[in-house]
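One structure is given here, and the rest of the page talks about it.
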Amino acid sequence: MDHSQAPVLEAVAAYHAEGQLPFTPPGHKQGRGADPRLRAVLGEEVFRADVLATGGLDDRTSSGHVLLRAEALMADAVRADHTFFSTCGSSLSVKAAMLAAAGPHEKLVVSRDAHKSVVSGLILAGIRPVWVEPQWDPGLHLAHPPSPASYEAAFEEHPDARGALVTSPTPYGTTGDLAEIVRIGHARDLPVIVDEAWGAHLPFHPDLPTWAMDAGADLCVTSVHKMGAGFEQGSVFHLRGGRITPATLAARADLLGTTSPSVLLYAGLDGWRRQMVEQGAELLDRALTLASQVRATVEGIDGLHVHGRDDFCGPGRGHDLDPLQVFVDVSGLGVSGYQAADWLRAHHRINLHVSDHRRISAQFTHADDAGTADRLVGALRDLSRRAGRTEGLERDHRQVAVPAPERLRLEQAMLPRDAFFGPVESVPSEAAAGRVVAEMLTPYPPGIPAALPGERLDEAVVRYLRTGVAAGMVVPDAADGSLGTIRVVADS
């Protein structure tokens, strides 16, 4: 296909060249009605590009097939059979993907390190999860994708399962053995869905982990805004084979999606695809080289350790690693990742991605260069010098009580949907152990629930969350963010 085309961008340009006049939404009418103070911050072009998708970007009947042509080009670029654009983020896309594989009360094999959006999908659809355990690293206190053997065992125990969902890469940059997991699912003629939100860039460079479509997955969901260059909420579904049909996926996406999609987000997806096809290998070459240099430099800073393949990959750990996710262990400085992240933002205006009880992470993409890398390295050197000797970086005595891996796994006492929508009550957190939780309790980022509706809380997980919040952890989906109280299923 001719990837020099960008159907959405070309249609936006034509809209202005033709002098189209809207008597339709959006009501700001190309920015003419927007507050000048708003335009001064966001710029005129944002409003000019914000046009109606049908009856604006395309005509009333979509006879120009603008979106369909852009989606076909994206599918060709990443070796998929079909691609669907979404402007509601991968949090919605993954729900639609789950609904395309299983319905109410049907079983879906799901990795327990799934993002909270997957749990939301279970709640909305009434799907019965068959959990497979991630590979826990008890020394580093983090999870890697489950092993293929775990999926094999789940399918053997639950032959009525309708498919599987894998999270790969994880927020920590490690991937599962997708090809083997897909082989296991396909041996039973079952679809394998990959939540590949962090993998938009993977199809475009051979030195990156295997892309889900290349591994044979039936359906994957990707957030182009994460590791690509799309706008926030720009997401895509990629589909291959016939185990899930395009019509089924389109119907499920239509059930959940908006009828007012953002052309701005469509344009971001379309323009990024063209950029990656034409320049992706070269751009990612530079990004990989830069990330490698940063890794080596930061590893030499006192008190800091950069996690690499030796830490994250191998038996019982991840299958592969995305080197553009640079994770730095700061525990050698005597501070937590929460402290380090807050101090770097306050004093160096640097915003990091994942921060946990002992780590921070810097996400590199093709947009980074020597200037951004040098600024990060300089800030980390300053962090090393000042740790333990300056306000905000006092030696942290608020230890997070991270349980042993076997204590993190809670009993699934009820379906997530039944617990979430059933009668609930709030109890003091010190009285919550033994009760069935009715809300998600999710340290964020990375957004993997420590407890989800229907699971029976125990003392170890409650203590982990309470000590985490006291040390700086954020649990945004809890009704009481301080975790003074927890919503549980009401006693009958």
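The values are calculated or read from the model by the stated rules, or taken from the named source; none is laboratory data. The structure displayed is predicted, hence computed values, not measured ones. Cβ coordinates were reconstructed from backbone atoms using ideal geometry, including for glycine residues, and neighbour counts include every protein chain displayed.
Structural remarks
- Summed over region 228-268, the residues that are touching a residue at least 60 places away in the same chain (Cβ under 8 Å), under 27 Å from D368 (Cα atoms) and assigned to a loop (DSSP other than H, G, I, E, B) give a count of 6.
- When the residues of region 203-219 are filtered to those that are within 17 Å of T170 (Cα to Cα) and free of Cβ contacts under 8 Å to residues at least 60 places away in the same chain, the one that is surrounded by the most Cβ atoms within 10 Å (Cβ to Cβ) is A212.
- Screening region 126-177 for strands (runs of 3 or more DSSP E) wholly inside it with 1 or more residues that are more than 19 Å from the chain's Cα centre (by Cα) and either at pLDDT below 95 or over 24 Å from H357 (Cβ atoms) (or both) returns the ranges 128-132, 135-137.
- Of residues in region 1-38 being assigned to a helix (DSSP H, G or I) and out of contact with any helix residue (DSSP H, G or I) (no Cβ under 7 Å at 6 or more places or on another chain), the one farthest from E232 (Cα to Cα): A17
- Leading residue by the ranking (modelled with the highest pLDDT) among those in region 453-492 that are under 23 Å from A125 (Cβ atoms) and of a type in the set (D, E): E455
- Residue selected from region 98-112 under the condition farther than 19 Å from I181 by Cα and not small (G, A, S), by the criterion surrounded by the most Cβ atoms within 10 Å (Cβ to Cβ): L99
Let's see how each residue does on (1) surrounded by fewer than 18 Cβ atoms within 10 Å (Cβ to Cβ); (2) at pLDDT 95 or above; (3) within 30 Å of F231 (Cβ to Cβ); (4) not assigned by TED's automatic domain parsing to the domain that holds P146:
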{"site": "T297", "(1), (2), (3), (4)": "yes, yes, no, yes"}
{"site": "P315", "(1), (2), (3), (4)": "yes, no, no, yes"}
{"site": "V330", "(1), (2), (3), (4)": "no, yes, no, yes"}
{"site": "H347", "(1), (2), (3), (4)": "yes, yes, yes, yes"}
{"site": "D356", "(1), (2), (3), (4)": "no, no, yes, yes"}
{"site": "D368", "(1), (2), (3), (4)": "no, yes, yes, yes"}
{"site": "T372", "(1), (2), (3), (4)": "yes, yes, yes, yes"}
{"site": "R375", "(1), (2), (3), (4)": "yes, yes, yes, yes"}
{"site": "D382", "(1), (2), (3), (4)": "yes, yes, no, yes"}
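- Of the criteria (1) small (G, A, S); (2) touching a Phe, Trp or Tyr at 6+ places or on another chain (Cβ under 9 Å); (3) not assigned by TED's automatic domain parsing to the domain that holds A250, which one G27 fails: (2)
- Among residues of region 405-426 being assigned to a strand (DSSP E or B) and at pLDDT 95 or above, the one that is surrounded by the fewest Cβ atoms within 10 Å (Cβ to Cβ) is E425.
- Any chance H366 is within 30 Å of S150 (Cβ to Cβ) and outside any helix (DSSP H, G or I): no
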